[in-house]
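Read the figures in this text as sums done on the coordinates, not as results from a lab. Keep in mind the model is a prediction, meaning the values are calculated, not measured. Every residue, glycine as well, gets a Cβ built from its backbone with ideal geometry; the counts of neighbours run over all protein chains shown.
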Amino acid sequence: MFRQSTLSPLIFISSDLSEQELTDSPLAINGMKLFRYAEQSGGIPLTQSLGAFHRKCVEWAAYEFRWPGFEPDVLYSVNKVLNEPDFPPLSILHQALQDLRLIRHYKGKAVLTKAGRSILGNHGALQAFLTEWSIG
């Protein structure tokens, strides 16, 4: 199923792709992992100063995310501890999900919004949101 993009009536985006079809999209696959992490932990704790994901989440993401060039051994060869700015894929994903209003900061945590909860498990819908965000 294709839907018309909000950016142009000439652009159509498929929102019903499966996880298998999106194996080459680390943004969608890892974004869904982050959604599940947020849901299971009742939100992702944020740092007080920057509003970035807490170090525990960044360390989890470093091992869970499959992102070429950002493997844990490479990340830890440069840094003793990881903060969100040290792991750009997570930082970009955080910004995208917040811009798309799929997560929001609430009482020191990043929590899923109603829209975020509605696409939980739907990799194609997340890919469609992220595609429009990256184009716009």
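Annotations
- The Glu39 and Ser134 beta-carbon pair, evaluated with R₀ = 25 Å, returns a calculated FRET efficiency of approximately 0.55.
- Shape of segment 21-61 from the C-alpha gyration tensor: prolate (a/c of 1.5 or more and a/b above b/c, with a ≥ b ≥ c the square roots of its eigenvalues).
- Close amide H partners of Asn122, meaning residues 5 or more places away or on another chain with modelled amide H under 5 Å apart, do not exist here.
- Trypsin sites (Lys or Arg not before Pro) restricted to DSSP loop in segment 46-93 with at most 15 other C-beta within 10 Å: Arg66, Lys80
- Three semi-axes of the equivalent ellipsoid, segment 86-135, Cα gyration tensor, whole Å, largest first: 17, 15, 9
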